[in-house]
Amino acid sequence: MDKQKLIEQYLTKSLTKEEEREFHRLMDSDPEFKADLNFHLGIKKALILEKEEALGSKLVGYENAYQRTKSIQRTLFRITVAAALIISMLLVVLKYNKTPVEANQLFLSYFTPAENIHYPITRGESDTLIVQAFTAYEQGQFDKALELLLLMQGTGQYEGLDLYIGSAYLAIGEVNNAIKVLNPNNVKDSLLLYRYKWYQSLSYVKSSEYDSARILLEDIVAKKAFKSEKASLLLKKLPQD
Amino acid sequence: MIESEVILGFRSEDEAFYKNFYKTYRKDFVNFLIKRGIPETESVEIFHECIIILKRKAYLYELDKVQVSLKTYLFAIGKNKAFDHLKKLQKSIIYLSDNLPEVETDFTSEENDQELIQHIKDKISVMGKACKKLLISFYLEGLTIKEMVKRGDYENENTVSAQKSRCLKQLRESLTIQKNG
């Protein structure tokens with residue numbers, strides 16, 4: 001078997017089983033063959049070392065490039081996050097700053113506290129709770145009026161208080177409470193029903209829920225009910241939700 | 001199994017191949033070592049060592065026999081290197097269960113004289129370009145004389161054989177001179 005060929009096959013890991021046996025036999029018995037193999041292996045490993053050193057320097061360059069890209073990506077990410085934050089904040093400001101001013105102005109243009117049609121205060125009125133509550137209500141002391149009206153409602157002896165409680169809530173800016181109390185579905189009296197609808201529509205205007213307000217106002221206008229003329233004017237001024 | 005294109009890539013100097021490999025595995029590999037208690041800078045160094053080991057194994061025809069995926073093999077080498085690294089620092093590695101195979105990462109599996117390799121390396125570095133190119137084609141790229149001719153680098157097989165003999169003779173002689181001197 002050609003010794004040189006055996007070495008070449010060994011270097012490319014392509015010895016057959018038979019060649020492998022011959023290779024090991026020569027390694028054990030032929031010092032010249034072993035020295036020759038070491039020489040060829042030495043060349044191969046020396047060349048590999050040279051290539052490895054060259055690759056090592058390139059890898060340092062790749063890492064530097066990787067770090068640069070990472071840093072650029074980090075900066076871009078920060079810029080994107082910052083931009084997104086600014087845009088979100090602007091949107092929030094636009095939604096919650098601009099609209100309430102507009103909504104509040106509309107509300108104030110149309111709101112007057114619900115007229116007391118249930119409990120007119122006369123000299124003969126002996127119920128001091130009614131007198132105190134509605135005196136405060138008519139004098140615009142809505143916090144005090146609300147406290148007394150809720151007290152009256154707690155006794156279960158008085159009817160129709162929701163309209164005034166809702167109106168007082170609206171007057172002091174507690175819109176969500178007003179919306180709850182002024183629910184028209186709870187009203188059986190058809191004459192009172194549109195008063196509730198009017199004040200609830202104003203509650204929706206104040207909370208910028210224009211679509212909900214629009215439904216109620218359109219109903220008032222269609223039925224030519226309580227405050228239908230004002231409802232018609234307000235409808236025209238409502239912005240889109 | 002590692003694809004033959006990848007093995008050829010490691011046997012080559014192809015910049016695009018190495019850049020792509022680096023980009024593909026760098027993050028996962030470094031995170032893999034960080035989880036085992038190795039700081040990032042040292043993990044990057046180990047990553048570099050592992051790429052060099054893969055190149056060496058490609059030249060030594062060891063990648064052809066690998067039965068697992070390239071990533072598994074790379075991470076197995078990485079785990080070994082991390083273990084060696086921490087052993088040197090007398091620290092212990094954080095054990096995380098994995099199914100990575102054991103991989104031999106030492107250079108010399110056969111007996112070989114490091115001094116001889118260094119002498120040969122020094123001599124090759126001062127050899128002519130033609131000799132160096134021939135030696136690389138033969139020892140690293142694993143080309144046969146026929147393949148070298150086919151590639152168009154040489155006129156015919158006799159030219160290659162003659163040049164190879166000349167180059168090896170020159171190398172042997174310079175080594176003998178050095179040894180005797």
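FYI, it's all coordinate maths here, none of it is from the lab. Because the structure is predicted, anything quoted here is derived from the model rather than measured. Backbone-built Cβ (ideal geometry, glycine too); neighbour counts: all protein chains shown.
Here are a few things to note about the model shown:
- The GNM of chain A, with springs linking C-alpha atoms under 10 angstrom apart, assigns the highest mean-square fluctuation among A:LEU108, A:LEU41, A:LEU217 to A:LEU41.
- Here the stretch B:108-168 is assigned +1 on the Cβ of each Lys and Arg and -1 on the Cβ of each Asp and Glu. Its dipole about the Cα centre then comes out at about 400 debye.
- The stretch A:1-129, Cα convex hull volume normalised per residue, Å³: 335
- GNM result for chain A, Cα springs below 10 Å: residue of A:GLU50, A:GLU147, A:GLU209 fluctuating most strongly: A:GLU50
- For the pair A:THR155 and A:LYS224, label points projected 7 Å from Cα toward Cβ lie 4.1 nm apart.
- The simple spin-label model puts a point 7 Å past each Cα toward its Cβ; for B:GLU147 and B:GLN114 those points are separated by 3.1 nm.
- Chain A: mean projected area of Cα convex hull, nm²: 30.2
- Principal axis extents of the C-alpha atoms in the protein assembly as shown (largest first, rounded to whole Å): 137, 49, 40.
- Simple spin-label estimate for B:ASN156 and B:THR24 gives 4.3 nm between the two label positions (7 Å along the Cα-to-Cβ direction from each Cα).
- Computed [θ] at 222 nm, helices only, for the protein assembly as shown once each DSSP H run of length n ≥ 4 contributes -39500 (n - 2.57): -23000 deg cm²/dmol
- For the stretch A:100-169: relative contact order, % (alpha-carbon pairs under 8 angstrom, 6 or more apart): 29
- Rg/Rh for the stretch B:4-88, where both radii come from Cα atoms and Rh is the Kirkwood radius: 0.96
- Applying 1/(1 + (r/R0)^6) with r as the Cβ-Cβ distance of A:ARG78 and A:ARG25 and R0 = 60 angstrom yields a FRET efficiency of 0.30.
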